[in-house]
Structure formats: structure tokens, C-alpha cells
1. Run the dipole for the range 264-374 about the Cα centre, Lys and Arg Cβ at +1, Asp and Glu Cβ at -1, nothing else charged, and hand back the magnitude in debye, nearest 20.
2. Which of the lysines could be linked to Lys333 by a straight reach, that is with a Cα gap under 28 Å, when you skip same-chain ones fewer than 8 residues away?
3. Using label points projected 7 Å from each Cα along Cα→Cβ, tell me how many nm separate Glu52 and Lys210, to one decimal.
4. When Rg is the radius of gyration of the Cα atoms in the chain and Rh is its Kirkwood radius, what does Rg/Rh come to?
5. Ignoring any ligand, DNA or RNA, what whole percent of the accessible area of the chain comes from carbon and sulfur when the probe is 1.4 angstrom?
6. Just the accessible area per residue of the chain, please: how many Å² with a 1.4 Å probe?
7. Taking a ≥ b ≥ c as the square roots of the eigenvalues of the Cα gyration tensor of the range 172-258, is the shape rounded (a/c under 1.5), prolate (a/b larger than b/c) or oblate?
8. Calculate one ³J(HN,Hα) per residue across the range 170-181 by plugging θ = phi - 60° into the Karplus curve 6.51 cos²θ - 1.76 cosθ + 1.60, and present them in order as whole Hz with x for glycine and proline.
Amino acid sequence: MKRKGLIIIAVAIALGIVGLLVWKGTAKNKGEDVIKIGAIFPITGDLAQYGEFGMRGMEIALQEFKEDHPDVKVTIVVEDDMGQPKTAGSAVRKLRDIDGVDMIIGSMASGLTLSVAPEMEKSKIVMMAPTSTASEVTNAGDYIFRTCVSDAYEGACMAEYIQQNFPQKHIGVVYIYNDYGVGLKKNFIEKCTELGLSIQYETGYDANMKDFRTIISNLKSQQIDLIYIVAQKEQVEFFSQCKQLNYKPQITASTMLEDEDVIKKLGTFMDGALYTYRSYDPTRQDSVVARFVSDYQNKYGAVPEYYAASTFDATKVCLYAQYEYKKTDLSLKDYLYTIKGLQGVMGTIEFDENGDVTQGFSIKTIRDGKFCFQ
């Protein structure tokens with residue numbers, strides 16, 4: 001029987017209705033393998049850009065799975081969590097009660113993953129978080145897994161790099177006051193203390209803050225010549241104001257620094273900035289990465305970035321687990337803990353006893369207005 005093409009059913013978000021995407025294959029017979037998975041993404045709201053990247057990565061993973069398993073029927077139901085805990089909770093309950101899924105891809109944000117974790121544990125539904133990096137996710141429950149590395153390791157990685165390369169610098173820490181920023185800041189400072197590095201200045205700021213001039217003036221007056229910043233989209237305005245005030249310390253940052261708007265709006269001012277980056281390298285020439293990058297470029301005309309890559313891996317391991325676990329006597333959750341050596345684009349996918357992947361970090365920089373590996 002010929003395989004039907006990709007079917008996408010979308011409820012119009014423009015009308016204020018939660019989005020729903022359903023992918024279906026065709027079963028060969030009644031005994032055919034059937035996979036049904038839920039997903040929650042910020043399709044609308046402040047985090048919609050990250051949701052778009054995640055959706056793209058998920059679609060490529062689904063496309064490749066269907067190419068490799070043309071006779072498997074697959075349904076992925078997507079709900080818009082709008083980047084809000086209340087909406088995320090409603091989306092999870094809808095996927096559980098109406099769609100009957102036992103596995104959900106999401107959420108992109110740590111705060112949302114943590115907010116719905118108790119519901120997932122109570123319902124015994126597996127959650128596979130692509131980019132929820134907060135260290136608290138480690139202990140969120142037996143049913144909470146993630147394909148991104150904990151902030152605990154990211155903060156430690158940058159602290160170690162600073163200790164090895166800039167031990168005499170006066171360090172200041174600037175962070176966004178949310179789960180992501182507070183958690184990563186905490187892990188960074190703890191590692192600095194362990195390594196004997198002293199933090200001369202520390203401040204948080206609200207996500208809606210627009211004027212950073214007071215913070216920048218304080219950094220200048222205290223002669224901070226190295227800053228570690230944990231920021232999101234507002235970082236463009238922060239660095240723009242640094243440029244206006246002629247303040248150019250050694251910049252060190254988290255993965256979030258790799259944002260094209262940083263380059264577009266600030267150009268070579270950001271040259272020399274250093275930041276931690278997950279193990280994903282789109283130029284790596286192994287077969288898994290090469291196929292993913294090629295498929296992504298053919299579909300979207302761009303090189304896939306971290307959010308798409310990590311969500312590709314989250315989707316890949318969900319599809320793989322759903323396809324394989326029924327061949328064993330294990331539950332879906334218990335089967336995930338047995339996976340070893342599954343190759344994703346971020347690296348090898350396997351989980352420790354807390355559902356965390358065991359992967360590392362690289363240090364990247366900005367050179368000639370471009371993001372590149374050291």
C-alpha cells in the first residue's frame with residue numbers, strides 16, 4: 001500500500017483558538033504499529049520564536065522517522081502552551097483526557113516543565129523536555145526526561161573556563177530574574193566559589209526591563225572587566241546600551257547569546273564574547289547530523305540552530321521509544337532508562353537515573369560578527 005503524504009490539520013490561531021497539528025501515516029493492517037504522542041510548544045506569546053524553532057525540529061524528526069518506517073501510523077497532537085504555566089497545564093490535561101497520549105514532547109521553558117511535572121507524575125505520562133535546562137528539572141520526577149543538559153553543568157563549564165583563562169578579572173554577574181536565569185546564576189556562582197574565584201558584583205533584573213543604564217553604570221564604577229550574563233531576548237537592548245555608554249568588558253554568557261538579533265543589531269561590537277554551547281555542531285560530518293541539516297535546509301532554507309536540534313532529538317527518542325518498548329515487558333517510562341547509544345544531533349542520547357542526558361558543552365565565540373567554535 002502506498003504511504004499517504006503528510007497531513008496537517010491546523011486550527012486557526014489567528015482566531016484565538018489553540019493550535020492543533022496532526023501528522024498521520026497509513027496502517028497496513030489492523031496489527032500495524034501505531035504511535036500517538038502529544039506536544040506542547042509556545043506557538044504564540046513571548047516565547048513563540050523558540051516554539052517555531054522547536055516545531056521545525058520536531059517536523060524534521062517526524063519526516064525522517066516516516067521515511068525509515070513507512071508502514072507505521074504516527075499521530076502527533078500539538079497544543080499551544082503560550083509560554084504560560086496555566087495554559088501549559090490546560091494543554092497537558094487536554095492531551096491526557098481527550099487525546100489519550102502517554103507521552104508529551106515539551107515544554108521549551110523550564111518554568112513550564114516544572115509547573116506541569118506534578119500532573120505528569122500523577123498521571124504517569126512521560127514528558128520529554130527539549131530545552132528545559134533548569135537544574136531543578138533533575139528532581140522533578142521519574143516521568144520527566146530531557147534532551148538538554150542541566151544548567152548545573154553549563155554554569156560550571158563557564159566558571160572553569162574563566163578560572164583557566166581570566167583568573168585575575170573582576171567578575172560581575174547579571175541575570176534575568178526567572179527560573180532559567182536564577183538557576184544558572186546560582187550554579188555559576190557556586191562553581192566560582194569552589195574554584196576560588198570572587199564575584200565583585202551581582203544583580204538580577206525583571207524580564208520586562210528596558211533601561212539597563214543603572215546596572216551598566218554600576219558595573220563601570222566598580223571596574224568590572226568581565227561579566228557573566230544570563231539573558232534572553234532583552235540582551236540585545238542590554239548590549240546596545242553597553243555600546244552607547246562605551247562599556248566593553250570581557251563578555252561571557254550562556255547558550256542564549258547565540259541569537260541572530262545580537263549580530264544583526266550590534267555587529268562586531270560583540271566580537272570576543274564567549275559563551276557555553278551544547279554539544280550540537282551543524283558542521284559535524286556524521287551521518288545523523290548531515291541528514292538532519294540537509295533535510296532542515298531543504299525545508300526551511302536555513303541552518304538549524306540549537307532549539308530545533310534539541311527538539312529533533314526529543315522527538316526522535318520519543319518516536320524510537322514508542323516504536324520499541326512494546327516489544328519488551330517494560331513500561332514506556334522504564335524503557336527510556338534502558339536506552340543506550342541512540343545517536344542524536346546533539347550527541348548520544350541516553351539517560352541517567354534522573355532522566356537527564358549525559359552530554360557536554362563547548363565554548364563558542366563571536367568573531368568578525370559571526371558565531372563560531374573556538
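The values are calculated or read from the model by the stated rules, or taken from the named source; none is laboratory data. This is a predicted model, so every value here is computed, not measured. All Cβ positions, glycine included, derive from the backbone under ideal geometry; neighbour counts span all protein chains shown. Keep in mind that these areas ignore ligands, DNA and RNA; they rest on the heavy atoms of the full protein, side chains included. Shrake-Rupley method; radii C 1.70, N 1.55, O 1.52, S 1.80 Å.
1. Charge dipole, the range 264-374, about its Cα centre: 460 debye, nearest 20.
2. Lys24, Lys28, Lys30, Lys36, Lys66, Lys73, Lys86, Lys94, Lys122, Lys124, Lys316
3. The two pseudo-label positions are separated by 2.2 nm.
4. My calculation puts Rg/Rh at 0.99.
5. 49 percent
6. I get 43 Å² per residue for this part.
7. The shape class here is oblate.
8. 8, 9, x, 10, 10, 8, 6, 8, 9, 4, 5, x
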